[in-house]
1. Rounded to the nearest Å, what's the spacing between the alpha carbon centres of region B:381-423 and region B:523-593? Just the number, please.
2. Hey, can you rank B:148-158, B:234-244 by average C-beta count inside 10 Å, highest first?
3. Which ³J(HN,Hα) values, rounded to whole Hz and listed in residue order, are derived for region B:246-261 from phi using the Karplus coefficients 6.51, -1.76 and 1.60 in 6.51 cos²θ - 1.76 cosθ + 1.60 with θ = phi - 60°, glycine and proline given as x?
4. Find how much the distance from B:Arg761 to B:Ala368 grows on full extension, using 0.36 nm per residue of separation minus their present alpha carbon separation; answer in nm with one decimal.
5. Among B:Thr692, B:Pro97, B:Ala290, whose Cα lies farthest out toward the positive end of the dipole of the protein assembly as shown, if unit charges sit on the beta carbon of Lys, Arg (+1) and Asp, Glu (-1)?
6. Divide by every residue of chain B the summed helix terms, -39500 (n - 2.57) for each DSSP H run of at least 4, and state the resulting mean residue ellipticity at 222 nm, rounded to the nearest 500 deg cm²/dmol.
7. Could you give me the ³J(HN,Hα) list for region B:727-736, computed from phi with Karplus coefficients 6.51, -1.76, 1.60 and θ = phi - 60°, whole Hz, x at Gly and Pro?
8. For helix B:83-95, what angle does its Cα long axis make with the longest principal axis of chain B, in degrees from 0 to 90 and rounded to 10?
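Taken together, the values in this text are just the output of simple stated rules run on the coordinates, not laboratory data. Keep in mind that what you see is a predicted model, and the values were worked out from it rather than measured. We place every Cβ from the backbone using ideal geometry, glycine too, and count neighbours over all the protein chains shown.
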Amino acid sequence: MNFTYPTTLVLHALANGFRHGFDIIDATELPSGTVYPILRRLERDELATADWEDHAIAREEQRPPRRYYELTPAGRAVLAEARARFRVPRSIAARARRLRPGESS
Amino acid sequence: MMPRVPLRAALALVRVFAVLVPASRRAEWTAEWCAELEHRSRQLARRSDSTWSADVDLIRRALGALPDAAWLRRQFTLDADAVRDTVHGLRMLATTPGFTVSVLVVFAIGIGATTAILSLTDALLVRPLSLPDADRLMTIWQVNRETGQGRLDVAPANAIDLMQRVRSFQTLAIAENWSVKHTVPGGEPQQPLPAARVTETFFEVLGLPMLYGRGFAPDDYRPGANRTAVLSHRVWSDRFGADPSVVGRVAIFDEKVPYTILGVMPPGIELRLVERSRRPEPLVWLPRPAFDGAELNNRTQGYWNLIGRLAPGVTLHQAEAELAVLSANLAREHPKTNAAVAAEIVPLRAHLAGSLHALLPLFLGAAAILLAVACANVATLFLARGASRVREFAMRQALGASRGRLVRQMLTESLLLATLGGTLGLLLARGALDAVARLRPPDIALADRVPIDARSALIACGVTLLAALVAGLLPSLQLSRPAAARALREGRSSAGRRTHSTLVVLEVAAAFVLAIGAGLLTRSFVTLVHTDPGFQSDHVSVLQVFAYARQNTPEKRTLFFAELVDRMRALPGVVAAGAVSSMPFGEAKILSDRMPFTIVGRPTGTEPEPLINIVPVVGDYFRAMSIPLLKGRLFDGTDSPQSPAVALVSQGALRQFWPDADPIGATVRFQLLGRRYEARVVGVVGEVRHETLDRPARAELFLPHAQSGFGSMSVVVRSAPGSAVTIRMLKEQVWALDPALSIYSSGTLDQLVSKTLTGRRFNLLLLGGFAAATLLLATAGVFALVSFSTTQRLREFAVRMALGAQRSDIVRLVLIQAVALAMTGVAIGASVALQLTPMLRALLFGVTSNDPATFVAVGVALVAVAAAACYLPARRAISVDPSLVLRRDV
């Protein structure tokens, strides 16, 4: 697993409860073309798992169900290691408080 | 409600990119992206802040799906298809070991030989030399216009005149072959080290900074200056412990003489200025004292070497023109000695490439033929395999494999084989280059440590791989569905048979051409080895002894050599012992140039004086060499310094100077080492070849050593077969008389003769190697074709056998095919070879370039080999059970 700075940011965003691709893009301010391959790699290396959200929520919002990602214990360990290497901006945590799903609207 | 335009555009983009995503994940991937986009769009709508920038942001995020899709495709291709193709490819290759091994061998030979010869060419002709601006460095040699012999060492007076008069060189330097013994206090007596004495401009000409210390300066040449030396890198690391602090220290050379070490040369400098003496490269460089009187007048004995740097703006052509004029002037000024003397300029690079320089085009041609045959071979192997896999591919196509998938499969297999074969080929090239460095004749200095040239390897690998790809892909590309269906039904295909036969015929033709070249060289070599040199070289040992430094008067030297030869003769097992100044095939060339002489009583015209080689001999030289006495008597104990001067002449001299008269009783006048002789001819002895076996014998005039007191002699000892006389025992006899005398070189006469054949042996080995490799490939090609067509004709054979054909009839059918192919190939090859072999003329000896015996022998051998290649296929054809074959596939 190569710890690029963007990878660390994505891990950090996941740890702070950003679960969907576009939300992670918002939180990290990275382009989508960077974030998605990182998510694929995290999933391939079993640092994150992915699943589909409950159909009920999707129906309620009249849209297709979204895919969400969660860190595995290994992913958390990697993040701890990555944090030691890169300084993670506080802004993500701050944005997490502002934008946490459910609290945003 | 209709989705907004930006959302529709974004979704469309994602769906386009989805094509890239591997099919197994495509649906899920599209759903994820669409859900995100829709969610985003809805969120924006809900917040009703759908500004222009938010729309742009949506499209930008959709564009990010492209790298995502590409990433997944790459993973998929790497993880899945390629791996699966590779595994499948390896499995397929393992199931057909015959094919796999053949292709690997062909790849290895084709790539290996081509890479090696191209790398060698690069090193010899292209790669910069380790000297600065080396393309301006030239070596200068003497040419004998009468005999056509070139690359001769330059006579001192000629060299001095050239140095003073020439304008087209910026600087010129002289190097003179020398040797010193390095004495370590308390150490063993050492073999002399090859050395060179050079003029003060020598290191300036090379333009080379020393590794440590400095080169010679004018002060080192002043009379009475301290003795100084420059060490080569090799002697510095071998004998001085590679210690930089040796600079400025004193080394003891030649027993007791102290030399201050001035500098150490950088590694890898080899100049091969000692061309003619075939000696190793000098290890120690010494300053040459000022020219003495003898040197200023010596125009007959060549033993100096000239190296120079062209003046700025002067071309090689201009320099050659100037030297031609200067040589003509010298010939006019000194008609007796210089009438036939010219000078020749050889660029240092060409000089270092030695005899290979002229031969490289030949070997490159051979390599090109070999590479072409390798390509043809790879192509036939792949064509045959493709044909035999038509069913496999048809089956896979019927099961839904796309043509792209099949092409990729073939590609993977070809690449696998090319990678493995290429690796083997590069190993082979390395081995071949190392062998070349080991076996090279000494004159090809640049052939040492040749690195594999990356471009050469790429060219060789690329060409072979291309052949494999074209031949491998053709069948899978041609396989359209109707054809596939037909193939499934019929189980065989006849396509490509003619291409295949044509390729094999061409392979045989190419093998024939190279085999003819190798055959002609072999015949020349055998003829040469069996050439009578005029003496018998078995059981003869030779020691070259320089006695000048220790025995300083002619009387002492006469006594010394007479006593030495007597001691040798007294050894048990010794049949005859003698000594001679210019040893046939000897390493140091002593008195090797002809000198003027006159026959008393014969009118001298205006033409230059006759020239002859004058040779002092001691004791039983002629018996030791088994040179026959043809007339008169040999020298004996009565020929002393006090008795009248006598001489013997060789048969060659007899033919040249007494064509229809009896030389015995004639009186000849000549000078040797400043002393005048008037000697009576008392006998005629057989003539001997001197430098190489392919040069005719020379005219010689012998005089007894007792009447000359010459100091540089080769002691020649013939021992009885089976006796235990060793070189060591002979050396001990020398040291018993004088423990400090240096023995310049020693060995058996067989070794000396054999050394002169190194160059021919090398050429033979190189061309023979190419011929053998090509022959192997062509044989493999015949074998592959016959096996392939036998397999395809099994039904035909079965029918014939069922109808009563005998096994011998079937074998004949198989043989006829192979022999017909081989004979066609030989016929084409012969017509090509007849055009090409005249290029070999310079390398041939005693055989013409269209030697019928060689052509017939090689042709018969090739047809026989082709017939032998049928052994396995023919056995297979007769060992099948007709009933089984006929029932199958019906």
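1. A separation of 70 Å, based on Cα centres.
2. Values: B:148-158: 18.8, B:234-244: 15.0.
Listed from highest to lowest mean packing, they are B:148-158, B:234-244.
3. 5, 4, x, 8, 10, 10, 9, 10, 6, 6, 9, 8, x, 10, 7, 7
4. Details: separation 393, 0.36 × 393 = 141.48 nm, distance 2.20 nm.
So the chain would gain 139.3 nm between B:Arg761 and B:Ala368.
5. Positive-most Cα among the choices belongs to B:Pro97.
6. Values: 29 runs with 457 residues, N = 890.
Helix contribution divided over all residues of chain B: -17000 deg cm²/dmol.
7. 4, 4, 4, 5, 4, 4, 5, 5, 6, 5
8. 60
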